[in-house]
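One structure below.
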Amino acid sequence: MTTTISAQRLARVFVEVADTLVDEFDLIEFLQLLASRTADLLDASPVGLLLADQRGRLEFMAASDENVKLLELFQVQNQEGPCLDAFRSGTPVVNADLTEAKARWPRFAPRAVQAGFRSVHAFPLRLRAERIGAMNVFSASVGGRLAETDVQIVQALADVASIGLLQERAIKRGELLTEQLQGALNSRITIEQAKGALAQARGISVDEAFAVIRAHARNHNLRLGEVAQAVISDPDSIAEQLR
Amino acid sequence: MARLRGMRVNGVPEQFREVEALIRQEPTASEDDLGVAGGMRRLCGAAARALSASGAGLTVMVKDGMRAVTAASSPDIERLEELQLTLGEGPCVDAFASARPVLIPDLASAMARWPVYAPAVHASGVRAVFAFPLQVGAARLGMLDVFRSAPGMLTGNELGLALTFAEVAVATLIDGQDGTGNGEAGGWLDDPLGSRAELFQAQGMVMVQLGGSLAEAMARMRAYAYAHDRRLGEVAQDIVARRLSFATPRP
C-alpha cells in the first residue's frame, strides 16, 4: 500500500468525483467511481462502499473489485466489522490487524484472513451528525499500513462524496436522497439477479457473469443497472449478444 | 437514508414481524377478507393506521403490465388509487416506472408535475402522498401509496415502517403466486446466515431454468425451502453452487 499519493493524481480524483455530482446522476455509478478511484490511489487495494438503508442496516453498494469472497466480506458487516464500527462511531478504523481481530469481529475477521487479507480500514461516510455509510479498504500485505497522510486523504475523499450526496442532490433537483438510495438498493438486487440469469444462460460462474456485464456496460457507456435490466428482460438473447 | 438521529435502529426481521402483527390486528371486513385480496385490504388499513395517514392504497400490476388490481383502506382511497391508473399520471405511476419511492410531502407544490392528478387529489383533501414500489430487483409487482391530509414529510421511523409494509406486501404477493401460502414470510429476504447477494443470484438462475418470471422463481425457491424444511439461504447456496436445479430435463 502507498505511503504518499501524488498531489496531481489526487487533484484529478477530487475533480472527477465532484464532477460526477451533476445531472444524470446515478448513485451506483457514482459509488463505483469513488471505489475504483480510491483503490487506484491506494495501489489497487480492494475498496468497497456500504450505505445504510432507511432502517439503519448497512448494505453493499459498489466495489472496485467484485467477487463472491469480497461480497461476503462486505455483507457480513451489516452485523459486525470495521464498517459497522466506523458507521456507528463516525470515526475511521485504520490499520486493524486482521490476524489479531478475531475477538473483536468473530465472524468477519476469520473470513477476511481466509480471503487473503491482513489488514483492514474503514472510513465513515458522514457530514457532521449525519451518517450514511462507510468505505472499506482491504490490504493483503503485512506491512499494509496506511500512513497518517493517506488516512486523511481517504477520509477527505469520503467527506467530499458524503457532502455531495447529502447536500448537492437535495438542493439541485429537489430529489430526495431516500428516493435515490432506495432506487440504488433495488438496482443492486437487479445486478445480482442478472449475474445469476447470465451465469445460468451461459453456463459460467456468477463472478464471470459480472465481468461480462461490467465489460459490456463500459464498452457501451451504459450503467450497470441498465445492462442488468436488459439481461433480466431477455437472458438468452443477451447471453448471445454479450458473447 | 439513515438519519441516525432519533431513529430506532431495529433489525429488519424484527420490523417485518412487527408489521405482520399490525396486519393481523387489523379488523376484518365482512365479505372480502379471504385470500390475497383481503390480506391486501387489511395491509392498507394497518399501514394507514401505523403511519398516521388518512388512507393507504395498493395496486398490483397484472403480468402484462396493462391491467391492475387495487386494494385500499377505504372506498374513497380506492377511487384515488384507481384515478392514477385511469389518468396514467401520479406518484404511484412514477414510483412504478422509476422503480423507487416518490415522496411528496407537499402536494400543493407538485401541481405542475401531475397537472390533472394533483389538483383532483388535492381537492379531495389529500395534502401529502408517499408512493413505494412493490419490487425485488427487476421483479416489479405494483406499488403502495400512503395519503395524508396534512403536509409534511414522514419521519425516519415512519419511512422505515412504510418500506417494511411494502416488503410484507411483496412477500404476500409472491406467496400468492404458487398458492402454498405457507405463512412463514417473516424476514423472508433476511436470512442472517445466508448471503443476500447469493439469494438474488439464485433467483436469476432459477428464472432462466424455469423460463419464467423472477417472481415465479422466488415463489418456487420459497416453496422448495418450506417443503424440505430448509433455510432459503441454504437453498440459494445450493442453486448457485449448481447442486440444485429447477430445470425440467429436456427429452
Among A:S141, A:S119, A:S45, whose mean-square fluctuation peaks in a Gaussian network model of chain A (Cα, cutoff 10 Å)? A:S141
How many Å² of accessible area per residue for the stretch A:185-241, probe 1.4 Å? 40
Percent RCO, i.e. relative contact order, over the stretch B:196-240, from Cα pairs under 8 Å lying at least 6 residues apart: 50
Pick out which of A:N186, A:N219, A:N67 has the largest mean-square fluctuation in a Gaussian network model of chain A, springs linking Cα atoms closer than 10 Å. A:N219
What residues have an amide H closer than 5 Å to that of B:L141, excluding those fewer than 5 places away on the same chain, when H is modeled at 1.01 Å from N in the peptide plane? B:L134, B:Q135, B:V136
Estimate the FRET efficiency between B:S52 and A:E80 by the formula 1/(1 + (r/R0)^6), using the beta-carbon distance for r and 30 Å for R0, to the nearest 0.05. 0.30
Above 23 Å lies some portion of the pair distances; for the stretch A:7-175, what is it as a whole percent of all C-alpha pairs? 33
How would A:H216, B:H228, A:H121 rank on accessible area, largest to smallest, probe 1.4 Å? B:H228, A:H216, A:H121
Running a GNM on chain A with Cα contacts under 10 Å, which residue among A:A39, A:A199, A:A161 ends up with the highest mean-square fluctuation? A:A199
For the stretch A:70-145, compute Rh as the Kirkwood radius over C-alpha pairs and then the Stokes-Einstein diffusion coefficient at 10 °C and 1.306 mPa s; write the answer in µm²/s, rounded to an integer. 130
Given a 1.4 Å probe, how much area per residue of the stretch A:85-143 is accessible, in Å²? 43
What is the ratio of the Cα radius of gyration of the stretch B:44-178 to 2.2 N^0.38 Å, where N is its residue count, to two decimals? 0.95
Give me the one-decimal nm value for the distance between modelled label points at A:A7 and A:D65, 7 Å along each residue's Cα-to-Cβ direction. 3.1
Per residue of the protein assembly as shown, what 222 nm ellipticity follows from adding -39500 (n - 2.57) for every DSSP H run with n ≥ 4, rounded to the nearest 500? -16000 deg cm²/dmol
Using Cα-only point scatterers and the Debye equation, what is log10 of I(q)/I(0) for the stretch B:196-240 at each q in 0.13, 0.18, 0.25, 0.31 Å⁻¹, rounded to two decimals? -0.22, -0.42, -0.80, -1.13
What figure, in Å² to the nearest 10, do you get for the accessible area of B:C44 with a 1.4 Å probe and non-protein molecules left out? 0
How long is the gain from B:S74 to B:E234 if the chain were fully straight, where each residue apart is worth 0.36 nm and the alpha carbon distance is subtracted? 53.5 nm
Report A:R145's accessible area, 1.4 Å probe, all protein chains in place, as a number in Å² to the nearest 10. 150
Tell me the relative contact order for the stretch A:7-175 as a rounded percent, counting alpha carbon contacts under 8 Å between residues six or more apart. 21
Report the per residue volume, in Å³, of the convex hull enclosing the C-alpha atoms of the stretch A:185-241. 62
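The values are calculated or read from the model by the stated rules, or taken from the named source; none is laboratory data. It should be emphasised that the depicted structure is a prediction, and the values quoted were computed from it without experimental measurement. Cβ coordinates were reconstructed from backbone atoms using ideal geometry, including for glycine residues, and neighbour counts include every protein chain displayed. What goes into the accessible areas is simple: the full protein's heavy atoms, side chains included, and nothing from ligands, DNA or RNA. Shrake-Rupley method; radii C 1.70, N 1.55, O 1.52, S 1.80 Å.
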